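Please read the structure below before turning to the comments.
The values are calculated or read from the model by the stated rules, or taken from the named source; none is laboratory data. All values derive from a computational prediction rather than experimental measurement. All Cβ positions, glycine included, derive from the backbone under ideal geometry; neighbour counts span all protein chains shown.
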Amino acid sequence: MIQKTLFFDIGNVQLFFDHKKMCRAVAQLFGLNSQRVEELFFKEKLLDDWEVGKIHYRSLYHIFSSQSNTQASLSSFFHALSDIFTPNTSLFPLLKTLKKENAHLILISNIGDAHFDFICSRFPIFSLFDDKLLSFEIKMRKPNPLIYKIALKKARGPSLYIDDILEFVQAAQKCGLDSVQFQNNQLLKKQLIAKGFINEIQKTP
């Protein structure tokens, strides 16, 4: 049997997330204005630097601590930073079906170290994955073409990349990696059937 490779994004595909919740929780923890926290993460690019591995979440902790007169533990910061995910549980049976059919499953995600540690401890579904291309580990974020070129080298047989952001899908396609935009679970299943990654009569558990 020819092995097939599926590359899956994490955010807004397998897990929904809320950066606003993260900013509110961090602000509350340190007694800061949530708008200031948002400015640090987004306007001053702390989120980008963190997700590309330039800084560790411990560095984020010290940055926010320096803005505050309130004492907070590193563990409480880890939780405030990371408890922002809601699982797309109705997708998980499809992932299990792909794994049962011997698909090679690989994560491709823009994500920081604490977030990845948190989701792996909270959501067992990630144990199904065989490999990963994570921005904080490879020091670059999607849609850098190098990510998709590395992915192609990891592919075993026919491959497909699934991401919710159209720009990232199009960037992968330009590099020769077949890709689809994730919109909902039902459409993804139809796309996998149409592309021959699962059988039309096959029922997911």
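Do we find a residue being surrounded by 15 or more Cβ atoms within 10 Å (Cβ to Cβ), out of contact with any strand residue (DSSP E or B) (no Cβ under 6 Å at 6 or more places or on another chain) and at pLDDT 95 or above anywhere in the range 1-8? It would help to see each step written out before you state the result.
Pass one, the range 1-8, residues surrounded by 15 or more Cβ atoms within 10 Å (Cβ to Cβ): 4-8.
Still in the running and out of contact with any strand residue (DSSP E or B) (no Cβ under 6 Å at 6 or more places or on another chain): 4.
This time we only want the ones that are at pLDDT 95 or above, so: 4.
Yes, some residue in the range 1-8 is surrounded by 15 or more Cβ atoms within 10 Å (Cβ to Cβ), out of contact with any strand residue (DSSP E or B) (no Cβ under 6 Å at 6 or more places or on another chain) and at pLDDT 95 or above.
Between Ala171, Ala194, which is over 24 Å from Tyr57 (Cβ atoms), surrounded by 16 or more Cβ atoms within 10 Å (Cβ to Cβ), free of Cβ contacts under 8 Å to residues at least 60 places away in the same chain and not basic (Lys, Arg)?
Numbers: Ala194 fails: surrounded by 16 or more Cβ atoms within 10 Å (Cβ to Cβ).
Matching residue, one of Ala171, Ala194: Ala171.
State which residue pairs qualify: first residue more than 11 Å from Ile162 (Cβ to Cβ) and among the acidic types (Asp, Glu) and inside the range 1-19, second residue in a loop (DSSP other than H, G, I, E, B) and at pLDDT 95 or above in any location, beta carbons under 6 Å apart, and separation of 6 or more residues or different chains.
Qualifying pairs under 6 Å: Asp18/Ile84.
Of the numbered conditions (1) charged (D, E, K, R); (2) more than 15 Å from Asp49 (Cα to Cα); (3) in contact (Cβ under 8 Å) with a residue 24 or more places away in the chain, Lys153 satisfies every one except a single condition; which is it?
Only one criterion is unmet by Lys153, namely (3).
Quick check on my filter: what residues within the range 1-33 are among the hydrophobic types (A, V, I, L, M, F, W, C) and not in a helix (DSSP H, G or I)?
Kept after step one, since they are among the hydrophobic types (A, V, I, L, M, F, W, C), are these residues of the range 1-33: 1-2, 6-8, 10, 13, 15-17, 22-23, 25-27, 29-30, 32.
If the condition is that a residue be among the hydrophobic types (A, V, I, L, M, F, W, C) and not in a helix (DSSP H, G or I), then Met1, Ile2, Leu6, Phe7, Phe8, Ile10, Val13, Leu15, Phe16, Phe17, Leu32 are the ones that fit.
Just wondering, is there one or more residues in the range 45-64 that are crowded, with 20+ Cβ neighbours inside 10 Å and touching a Lys or Arg at 6+ places or on another chain (Cβ under 8 Å)?
yes
Yes or no, residue by residue, for (1) in the same structural domain as Leu187 (by TED's automatic domain parsing); (2) of a type in the set (Asp, Glu):
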residue: Glu44; (1), (2): no, yes
residue: Asp48; (1), (2): no, yes
residue: Glu51; (1), (2): no, yes
residue: Tyr57; (1), (2): no, no
residue: Thr70; (1), (2): no, no
residue: Phe77; (1), (2): no, no
residue: Leu91; (1), (2): yes, no
residue: Asp113; (1), (2): yes, yes
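Return the pairs, sorted by first residue and then second, in which the second residue is surrounded by fewer than 19 Cβ atoms within 10 Å (Cβ to Cβ) and not in a helix (DSSP H, G or I), the first residue lies in the range 52-64 and is in contact (Cβ under 8 Å) with a residue 24 or more places away in the chain and aliphatic (A, V, I, L, M), the beta carbons are less than 7 Å apart, and the residues are 6+ apart or on different chains.
Filtered contacts from the range 52-64: Val52/Lys139; Val52/Met140; Val52/Arg141.
Any residue at all in the range 69-83 that is closer than 27 Å to Ile162 by Cβ and surrounded by fewer than 20 Cβ atoms within 10 Å (Cβ to Cβ)? Spell out the reasoning first.
Narrowing the range 69-83 to residues closer than 27 Å to Ile162 by Cβ: 81-83.
Filter again for surrounded by fewer than 20 Cβ atoms within 10 Å (Cβ to Cβ), leaving 83.
The answer is yes, given that some residue of the range 69-83 is closer than 27 Å to Ile162 by Cβ and surrounded by fewer than 20 Cβ atoms within 10 Å (Cβ to Cβ).
Please count how many residues of the range 2-50 are over 17 Å from Phe118 (Cβ atoms) and touching a Gly at 6+ places or on another chain (Cβ under 9 Å).
Counting residues in the range 2-50 that are over 17 Å from Phe118 (Cβ atoms) and touching a Gly at 6+ places or on another chain (Cβ under 9 Å) gives 4.
Sort out which residues of the range 34-85 are in a helix (DSSP H, G or I), farther than 21 Å from Ile108 by Cβ and of a type in the set (S, T, N, Q), and write them in order of number.
The first filter runs over the range 34-85 and keeps only residues in a helix (DSSP H, G or I), leaving 34-43, 46-51, 57-66, 74-82.
Filter once more, keeping what is farther than 21 Å from Ile108 by Cβ: 34-43, 46, 58-66, 74-81.
Ser34, Gln35, Ser59, Ser65, Ser66, Ser75, Ser76 - these are the residues of the range 34-85 that are in a helix (DSSP H, G or I), farther than 21 Å from Ile108 by Cβ and of a type in the set (S, T, N, Q).
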